[in-house]
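The values are calculated or read from the model by the stated rules, or taken from the named source; none is laboratory data. All of these numbers come straight from a predicted model, not from anything done at the bench. Cβ sites come from the backbone with ideal geometry, for glycine too, and all protein chains shown count toward neighbours. With ligands, DNA and RNA removed, areas are computed over all heavy atoms of the protein, side chains included. Shrake-Rupley method; radii C 1.70, N 1.55, O 1.52, S 1.80 Å.
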Amino acid sequence: MKPRTKMQKEVVQAFKGLAPLTEKQRAEAILQVVPHIAKRNSRGQFVCLDCGHSWTTDPSDKQAEVVCPHCGARLQVEDGRKKKYTFKDYFMTITRKNGYQVLRMWFLQANYREGVPATYWIDEAFQRWIAPNGHNEIVSRSRHIFSGYYCDNWNWQSDLDLRNAAYAHTIVPSEIIGKMSLIPEVKRNGFKGSFHRISPATLFTAILKDNRFETLQKCGQIELLQHFIKSDYYLKYWPSVKVALRHHYKVKDASMWCDLLSSLNYLGKDIHNPKLICPDCLKEAHDYGQHRQEVKREQERERQERERRMNEEQRYLANKAKVQTDEANYQATKSRFFDIAIADGEIVIKPLQSVREFLDEAAKMHHCCFSNRYYAKEQSLILHAIIDGEPVETIEIDLNTLQIVQSRAKYNGMSEYHERIVNLMNANMAEVAKRLAA
């Protein structure tokens, strides 16, 4: 890619002068990045896949790690017949050049074969150049066409050159190798050597570009730093974070703390009040806030449902011609079932007698028996199970199969009487069949 900006031109000139990987860094990478294996067979014989040396121990010794007596490598013991292993991974070296922080990503492939010394291949995949203001440029190998999200598909015959950022450039290294050489701005903005399980490129860019991340780093609010870097959506709570910082409140669970702020905000509370946002027991405050939020949401749902149904009822009743037509059709198709009354002493099951009863049933039970026009379904018979004059469940029967399609309590749930209602209805399905055949 042709350099166009001042930074790109400086990077293109500078990256050619970077030092190659040293032998010490290479040895450290091989030691730390890839696994080192001793193959063990059933006779207690070990083979070091690092150097190829073999030795024998007591077969009853089932230790998980051994030390090769020839090369001194600490090895993980593996059983089985596999003789070849290939491992691929990435490591990073961190240096600086001409005032830029340079993150160099190296690809390491280890090839093991039983009985011969291991071979290792290392090459540089890409570099990330970070300016003191947090701006990034990528120097990288090219990638094969149609590589998509597969990260290892580098064209190793290509040169390192200035390129557009791609998904593969977000790889997180398994290890940082060697001593880090840092630009003064990174040290100034609070970095003290630990990445806190954050990608080095992400952390450096964040603390250089946004002083809020710099503040969290310097104040030791690592949980918030990790959480906010994952999603800057939560930075909307920054005023609350400043209140917590002023009161020396250490957030130990950032996700739970942000949920607490969200609940308080939803409930209309002051999320800048330290008494609310700096609780002694975060879990108790979080759980209470979630409970109050759910109660309010349920009340809001009920209010909206009441308004919707009220508006729906008003619109429907305003069309008198349609009401008369629907009522006449319902009476014509379902009146023969209206004298059905099934009871077991406590539960009474009766058909809905009119379209108006569908409206009332929907309002009481908070379901869709009216809005979905069940009264107009010729092959469905709608009944309700009543206890002490109040509906408990609404029942739909398919008149073609004489099977219960559904039996719903409030909010389309199931009541404690559900099994009794279903069994009672099934036991008296002949009442429906008798009137259907009439």
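Some observations on this one:
- Annotation note: of GLU312, GLU305, GLU284, the sole residue that is in a helix (DSSP H, G or I), in contact with a His (Cβ under 7 Å, 6 or more places away or on another chain) and of a type outside the set (Ser, Thr, Tyr) is GLU305.
- Residue check for TYR90: of a type in the set (Phe, Trp, Tyr) and farther than 30 Å from ALA206 by Cα: no
- Screening PRO59, PRO20 for residues that are closer than 30 Å to ALA165 by Cα, part of a loop (DSSP other than H, G, I, E, B) and open to solvent by 50 Å² or more (accessible area, probe 1.4 Å) leaves exactly one candidate, PRO20.
- Those residues of segment 257-283 which are of a type outside the set (A, V, I, L, M, F, W, C) and within 24 Å of the chain's Cα centre (by Cα), in sequence order: ASP259, SER262, SER263, ASN265, TYR266, LYS283
- Hey, LEU49 of a type in the set (A, V, I, L, M, F, W, C), crowded, with 16+ Cβ neighbours inside 10 Å and in contact with a Ser or Thr (Cβ under 9 Å, 6 or more places away or on another chain) or not: no
- Filtering segment 68-110 to residues that are open to solvent by 30 Å² or more (accessible area, probe 1.4 Å), part of a strand (DSSP E or B) and under 14 Å from LEU49 (Cβ atoms) leaves ARG74, GLN76, GLU78, ASP79, LYS84, THR86, PHE87.
- Given (1) among the small types (Gly, Ala, Ser); (2) open to solvent by less than 40 Å² (accessible area, probe 1.4 Å); (3) closer than 29 Å to SER174 by Cα, index of the condition ALA64 fails: (2)
- Of residues in segment 235-252 being open to solvent by 60 Å² or more (accessible area, probe 1.4 Å) and in contact with a helix residue (DSSP H, G or I) (Cβ under 7 Å, 6 or more places away or on another chain), the one nearest to HIS286 (Cα to Cα): LYS252
- Residue match in segment 119-140 (condition: under 22 Å from THR22 (Cβ atoms) and outside any strand (DSSP E or B)): no
- Residue match in segment 248-258 (condition: of a type in the set (Val, Ile, Thr) and outside any loop (DSSP other than H, G, I, E, B)): no
- Whichever residue in segment 151-199 is open to solvent by 30 Å² or more (accessible area, probe 1.4 Å) and touching a Cys at 6+ places or on another chain (Cβ under 9 Å) and, among such residues, is nearest to LYS209 (Cα to Cα): THR170
- Given (1) outside any helix (DSSP H, G or I); (2) under 30 Å from ALA131 (Cβ atoms), number of the condition GLN32 does not satisfy: (1)
- Residue among LEU225, LEU216 that alone is under 19 Å from the mean Cα position of the chain (by Cα), open to solvent by less than 40 Å² (accessible area, probe 1.4 Å), under 26 Å from GLU175 (Cβ atoms) and without any contact (Cβ under 8 Å) to a residue 60 or more places away in the chain: LEU225
- The residue of segment 404-432 that is surrounded by the most Cβ atoms within 10 Å (Cβ to Cβ), among those that are among the charged types (D, E, K, R) and touching a residue at least 12 places away in the same chain (Cβ under 8 Å), is ARG408.
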